[in-house]
Structure formats: C-alpha cells, structure tokens
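The values are calculated or read from the model by the stated rules, or taken from the named source; none is laboratory data. Predicted model, so just to flag it, every value in this text is computed and none were measured. Cβ placement follows ideal geometry from the backbone for every residue including glycine, while neighbour counts extend to all protein chains displayed. Please note that ligands, DNA and RNA were not included when accessible areas were found on the heavy atoms of the full protein model with its side chains. Shrake-Rupley method; radii C 1.70, N 1.55, O 1.52, S 1.80 Å.
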Amino acid sequence: MIVDGRVLREDFVPSEVVHRHDEVNLLSEALEPLLSDRRPDPSFLFGPTGVGKTCIARYTLAQLHEQDPDVRVAYVNCWQEYTRFRVLYSLLEATGRTTDIHRSTAKDELFDRLAEGDTRPLVAILDEVDQLEETAALYDLHRLPHVSLVLIANREEELFASFDDRVRSRLHAGTRVQFDRYGTAELRSILRERATQGLEPDAVTTDQLQTIADAASGDARVGIGILRSAARRAERNGCEYVTEATIAAAIPDARTAIRRKTVEGLPDHQRVLYEIITDAGEIEPGELYEAYERRVAEPKTARTLRNYLTKMVHYDLIESVGEHRGRRYRPVADGDEGEESELPTEK
DNA sequence: ACTCCACGGGAAACGCTGGTCG
DNA sequence: CGACCAGCGTTTCCCGTGGAGT
C-alpha cells in the first residue's frame, strides 16, 4: 500500500513543484547573483503555515546547488534554534566544521570561525525567523560577506517589528515573496502528486483526496498529514486501498498529532500544568498555581510557572484570554472547522 | 482613590559541562 | 588527579506596571 513513506513526510522536498512556479522563479531570480559570485540581497518568504514556504526554499536552493556546487545551503529552524549561539552553530554544522565545539565554546569563537576559513558562498535559510529571540544574530550573519539570507516568516509587519533598528535598516532591502493559501483544487493535485509517488496506484481516489483537501482548508502540511495517517491506518488494517472510514479517522488524528507530540516532549512540570489546564477546561491563574502545588512534590515558584505558561502559549498548546486580573488559561481550541484562525498572536 | 492581583523584565543565584592549571 | 574556572541555561527574587473590583 505504502510504497515510499518518505514522500508522505511533510518535510519531503519534491523533485518537481506544483502550483508554485511564480514563487520559485521570483526566489531564484533573487538568488541569481550567487551564480556570478556576487551576494544577493536577503530574500523573504511570507505566508501562513502549510503553503509551501519551506518546501519552495529548499527546492529552489537545491536546484541552485546543483547548478553551482560551490554554493552551500544551511537550513535552520528558529523554533528550535532560537539563540544566536545555536544559529551560528547550525551554520557551522552545515559547513561541516563543528568537530571541537561544545556548549562552553564562546559565541565569538563561532562567529570568527564562520568569518574566516571557507568563504565559499553559504545560503542560510532561516525558517520561522520570527521566533528568533536574538535578532542580533541576523546582524552578525549580514556582516559576513559570503553569507546570504533567506528568511521565512508568517507576516512581514510582525517580523520587522521584532527586529531592532540596526537589523531592520540592514535588511530592509530585499526580495519579498508572498505565499497565499492553496485552493482546495490546488491542494488536491498536490496530494495526488504525493499519492502517486508514495502509494500503490489506485490506493486513493480523487474524491477522497478532495475530502482530505477540504478538511485541511488550504494547509498542505495538514493535508499531507491526513493522507499519511489514512494510508498507515489502511495498511495496518490489511487494506489494499484507503477507505472513507480511514480518512474519517485520520482527520482529527492529523490535527492533534503535532500537539500531542509536543506535549509528550514537555518537561514534567510543564506537562502537569498542561494537564491541569486541559482537565479544568478553563482556569484562572491563582487556582492553577494551587492545583499545581497540590499535585507536585517540589513545586517551582509562581514566577517560574509564569515563564512556563508564556512558553506554552508560544507553542500554541494553551491560550490565555483576558488581561491582568481575570485572565484565564485554557487549552487551545481545536479549530474544528476551517474558521479563520488567523489571530496572529498579538503582543 | 485604593487595594488586589497577575504579568513580565531584569539581576542574581544555582547547577551543569567541559577545560585548564598546578 | 583534583581544584578551580568559563560559559550557558534555568530558576528565583525583586519589582514596576496596569487593569479590575470595591
């Protein structure tokens, strides 16, 4: 049933792109100077989740690398690597020179090492760059003449708001590529493409892909997740092809899978907080702290809990409603319908 | 107006890892 | 080898801010 599981992973980069030719062209034009040994201005890819920003960036850079193997590419996801140290480290790693570096190595050491030595061009793709906490890292990278930046974020205004002045003025020039949500027809053909490569022929019908595309409401990541989950379920049941029932089962599954994974990875104390909040449905801070203290042997301070809470809000596990007095925490709603959940987490 | 409460920034304290020096 | 040191991440303490309730 499943022929090639890699194709169904969301980080799979297809060898051909569907529906994003304009964006690819824009980006590769912007990066063209690299082919004549000049440094391009930074490129920006903006758009909501699951519209192919990451995929297109990787795809385009992979092509570029093929044209000119001297151009190296480093992909950094700023969700995980959100400090200056980690970003620099990831870049060094991509150039394969990290052997003797550990946590205790001074930051400047990392920077120096990037600056000297191998000065072949390096393109740094910084994904979710709005999550980067030390934007000074961007300034650092910009100072390196052989490093070019491709920055990926949801919204332009918010991204620039998070920059400090130095960074903002340096990066203001540059190419913007805006990605819009996929229509269901587009999404359906993307899914068809994946199904053709990843599954047995005829394992899934066009109607079924349509159902999945509808459920994913423009988010290719969710769509692919549903397809993968449905295929796995079908396979586990010994089916030769995907059935309506497996799809129905896979839809909620894919929606919460990512979150469940995050929750499992949470440190103990934070998971306790999360459980209290989900159990209660909605809870106010004071009560939350008390419940927490009752449940844990060696409770952390309230201040620390606040740190945890902001982090969990950040991770989209919980949300807080109201300000100051009368604030409440609750698990983030499961956006059952494709309702515009476009609340760009104000701050 | 005044008090209560929660939020979140900043500085200091702590704990861990790995390096270095005698 | 053991005693220190450097540097980072995490936690705590302290505190200013500002809305809500009275």
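Remark: pairs (first residue in the range A:119-138, basic (Lys, Arg) and surrounded by fewer than 20 Cβ atoms within 10 Å (Cβ to Cβ); second residue modelled with pLDDT of 85 or more and part of a strand (DSSP E or B); Cβ separation under 9 Å; 6+ apart in sequence or on different chains) = A:Arg120/A:Arg72. Only a single criterion out of (1) away from DNA strand C (no atom under 14 Å from the Cβ); (2) out of contact with any Asp or Glu (no Cβ under 8 Å at 6 or more places or on another chain) is not satisfied by A:Tyr329, namely (2).
Quick grid of which residues meet (1) in a helix (DSSP H, G or I); (2) in contact with a Cys (Cβ under 9 Å, 6 or more places away or on another chain); (3) not polar (S, T, N, Q):
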position	(1), (2), (3)
A:Phe160	yes, no, yes
A:Arg166	yes, no, yes
A:Ser169	yes, no, no
A:Arg176	no, no, yes
A:Arg181	no, no, yes
A:Ala185	yes, no, yes
A:Ala195	yes, no, yes
A:Pro201	no, no, yes
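Each residue in the range A:171-185 was checked for being surrounded by fewer than 17 Cβ atoms within 10 Å (Cβ to Cβ) and more than 30 Å from A:Ala215 (Cα to Cα), and 4 of them qualify.
Is it the case that A:Glu235 is touching a strand residue (DSSP E or B) at 6+ places or on another chain (Cβ under 8 Å), more than 16 Å from DNA strand C (Cβ to nearest atom) and assigned to a helix (DSSP H, G or I)? Judged against the criteria, A:Glu235 is a match.
Residue-wise test of (1) closer than 26 Å to A:Arg228 by Cα; (2) among the hydroxyl-bearing types (Ser, Thr, Tyr).
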| site | (1), (2) |
| --- | --- |
| A:Leu8 | yes, no |
| A:Asn25 | no, no |
| A:Pro40 | no, no |
| A:Pro48 | yes, no |
| A:Thr60 | yes, yes |
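The single condition among (1) in a helix (DSSP H, G or I); (2) away from DNA strand C (no atom under 11 Å from the Cβ) that A:Ala297 does not satisfy is (1). Which residues, taken from the range A:215-231, are of a type in the set (D, E, K, R) and at pLDDT below 90? Within the range A:215-231, A:Asp219, A:Arg221 qualify. Within the range A:66-89, residues that are of a type in the set (S, T, N, Q) have Cβ atoms under 7 Å from residues that are assigned to a strand (DSSP E or B) in these pairs: A:Asn77/A:Asp127, counting only partners at least 6 apart in sequence or on another chain.
The residue list A:Gly218, A:Gly223 contains one member that is within 20 Å of the chain's Cα centre (by Cα) and either part of a helix (DSSP H, G or I) or crowded, with 21+ Cβ neighbours inside 10 Å (or both), which is A:Gly223. Checked against the criterion of being over 22 Å from the mean Cα position of the chain (by Cα), surrounded by 16 or more Cβ atoms within 10 Å (Cβ to Cβ) and not in a strand (DSSP E or B), the candidates A:Leu309, A:Leu305 yield just one match: A:Leu305.
Rundown of residues vs (1) part of a helix (DSSP H, G or I); (2) open to solvent by 40 Å² or more (accessible area, probe 1.4 Å); (3) under 18 Å from A:Ile2 (Cα atoms), yes/no style:
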| position | (1), (2), (3) |
| --- | --- |
| A:Cys239 | no, yes, yes |
| A:Arg255 | yes, yes, no |
| A:Ile258 | yes, yes, no |
| A:Val263 | yes, no, no |
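If only residues of the range A:65-87 that are surrounded by 20 or more Cβ atoms within 10 Å (Cβ to Cβ) and either assigned to a helix (DSSP H, G or I) or on the phi > 0 side of the Ramachandran plot (or both) are counted, the one that is modelled with the lowest pLDDT is A:Arg84.
Checked against the criterion of being open to solvent by less than 50 Å² (accessible area, probe 1.4 Å), under 24 Å from A:Asp130 (Cα atoms) and within 13 Å of DNA strand C (Cβ to nearest atom), the range A:280-288 has no qualifying residue.
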